[in-house]
Structures are given as C-alpha cells and as structure tokens.
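Trainee: Here's a structure for you.
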Amino acid sequence: MGRPSRLGDEDRSDYASALDEVIASPELRRLLERSGVPGARLRVRGLAAVARTVPAADAEYRRYAALRLRARGGRRDAGAAPLSGPGDQERPGAGALAVLGVLTPVLAAVAAATFLVLGYGLRLAEALPALAGTLVGVGWSSLVVAAVTALASAVALYRTAAKQSAADAVAVPGPSAAGSPALAQAREAWLAALRDRGIRPFLLQEIAEAAPGAGPGEGHGSRFSSPAFAGPDFSGPGFEGSGRPAPRQPGPERP
C-alpha cells in the first residue's frame with residue numbers, strides 16, 4: 001500500500017473538528033463521566049496522536065488530496081503551453097536580451113553625461129573648440145539612445161507583467177472547481193473514515209488505559225505490608241518459617 005500520507009497543514013483544522021465531534025458524541029461523554037478522565041486531556045492526547053490515527057483513513061485521504069490537487073492545478077496544466085513550442089514562449093537568448101535591455105540605457109546615460117561634461121568643459125575653457133563640439137554632439141546622441149532604450153525596456157517590462165497576470169488569472173480555479181460535489185464527497189468520506197476508524201478507537205483505548213480502576217492500596221498485584229510483617233510467613237520467638245514449633249535450646253537451669 002505504500003507509505004502513509006502525511007497530513008497537510010491545511011487539513012489540521014478538519015482533523016481538530018473531527019476530534020471534537022468524536023469527543024462530544026454521547027458514547028464518549030458517557031465513558032468520560034464514568035471514568036473521570038478529563039475531556040481536555042483526552043483532546044490533547046488526540047491532537048498529539050495524528051501519526052497514529054491518520055493512517056487508518058489513508059486511502060480516503062489520498063483520494064481527497066488527489067481531487068483537490070486536480071481542482072487547483074488542472075487549469076494551469078491544461079492552459080500552459082510548452083516552453084519549447086512556438087509563440088511567445090521562452091527562447092534561448094531571452095536572458096541576454098533582458099540584460100542588454102537593462103544595461104543599454106544605463107551605459108548610454110553614463111556616456112552621455114561624460115561626453116557632455118567634457119565638451120562643455122572645453123567650451124568654457126575655450127580650448128580645442130573642434131573637439132569640444134564633437135564631444136557635445138556625441139553626448140547628446142548618447143542621451144537620446146539612453147532615453148529610447150529606457151522607453152523600450154519599460155514597454156517590454158509592462159508586456160511581460162501583463163502576460164504573467166493573465167496567466168495567473170487563468171490558472172486560479174473558480175468556485176465551481178473548488179466546490180465541486182466530488183471534492184466535497186471525498187472530504188466527507190475521509191472525515192467519516194478518520195472519525196470511525198482512526199480517532200474513535202484511539203480515544204476508547206486511551207480512556208480504557210487512563211481510567212482509574214482502583215484507588216491507592218488496591219489494583220493489580222497490590223499487597224499489604226507493614227514493618228510488623230516481613231513476608232508471607234510469620235517468624236517470632238519459638239516459631240520458624242515453616243510454622244512448626246522450634247526445639248527448645250538447652251540452657252542453665254534456675255535454682
């Protein structure tokens with residue numbers, strides 16, 4: 001059958017609700033009143049025994065988990081196109097284009113600032129007017145390149161975000177998928193099996209083991225013992241452990 005499934009974090013609340021229902025049942029309430037075991041203590045023991053009770057309904061839980069996973073991820077698997085197919089899919093070199101789209105505006109802006117500072121510096125110093133004019137022209141050209149590439153990168157980023165949002169909207173299951181009758185029936189079947197075959201037998205065993213069958217001085221194998229009794233056989237002056245009279249020892253006669 002394989003290894004038992006582990007209970008997911010989202011199913012802990014359902015497990016706690018099933019445990020409370022079993023504890024609140026008339027049968028368990030009568031047993032708790034007779035045995036004197038606190039219900040809160042029994043609930044703590046039940047919450048800590050998930051690994052012992054859940055495997056009893058493992059088949060029902062596997063079916064419920066599979067239907068839930070299919071309802072949540074079925075649309076994503078059906079609507080997603082393979083990465084190697086045609087269209088707007090991921091292609092080799094897409095990462096390099098993204099890097100260039102980010103670096104080109106930055107480098108162009110740095111070059112534009114450098115050329116403009118040098119060109120206008122030479123003009124202010126009235127030195128090398130030809131070189132100063134060339135530097136200023138190259139600086140303004142670099143500034144235009146930086147602006148164009150920055151705009152193109154912003155448009156590409158916006159398109160990518162819009163596609164991702166559309167894909168996420170398609171992948172989210174609607175209310176009909178999340179609340180399908182088959183999924184609800186599978187959940188109820190798992191909870192019923194969990195209550196009947198897992199939680200209830202465990203709680204009955206806990207009550208049977210924790211019920212005080214006898215008070216102090218009573219119970220299994222209890223014996224009365226006191227300093228006056230050394231064991232099952234009484235021994236004292238003139239008596240041995242076998243219960244026969246001990247032979248008299250010779251001694252000095254009194255006058």
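Trainee: So what J values fall out for the range 114-128 if you push phi through Karplus, 6.51 cos²θ - 1.76 cosθ + 1.60 with θ = phi - 60°, rounded to Hz, Gly and Pro as x?
Mentor: Values, residue by residue: 5, 5, 5, 5, 5, x, 6, x, 5, 5, 5, 7, 6, 10, 6 Hz.
Trainee: Can you list the HN-Hα couplings for the range 52-66, worked out from phi with the Karplus curve (6.51, -1.76, 1.60; θ = phi - 60°), rounded to whole Hz and with x for Gly and Pro?
Mentor: My calculation for the range 52-66 gives 8, 9, 5, x, 5, 10, 5, 5, 5, 5, 4, 5, 5, 5, 5 Hz in order.
Trainee: May I ask you to order 151-163, 132-144, 32-44 by the average number of other C-beta atoms within 10 Å around their residues, highest value first?
Mentor: 132-144, 32-44, 151-163
Trainee: So how much slack lies between VAL106 and ALA59, counting 0.36 nm per residue of separation and subtracting their Cα-Cα distance, in nm?
Mentor: Value of the extension gain: 11.0 nm.
We did not get these values from a lab; they are worked out from the coordinates using the rules stated. Keep in mind that this is a model prediction, so the values were computed, not measured. Please note: Cβ atoms are built from the backbone with ideal geometry, for glycine as well, and neighbour counts cover all protein chains shown.
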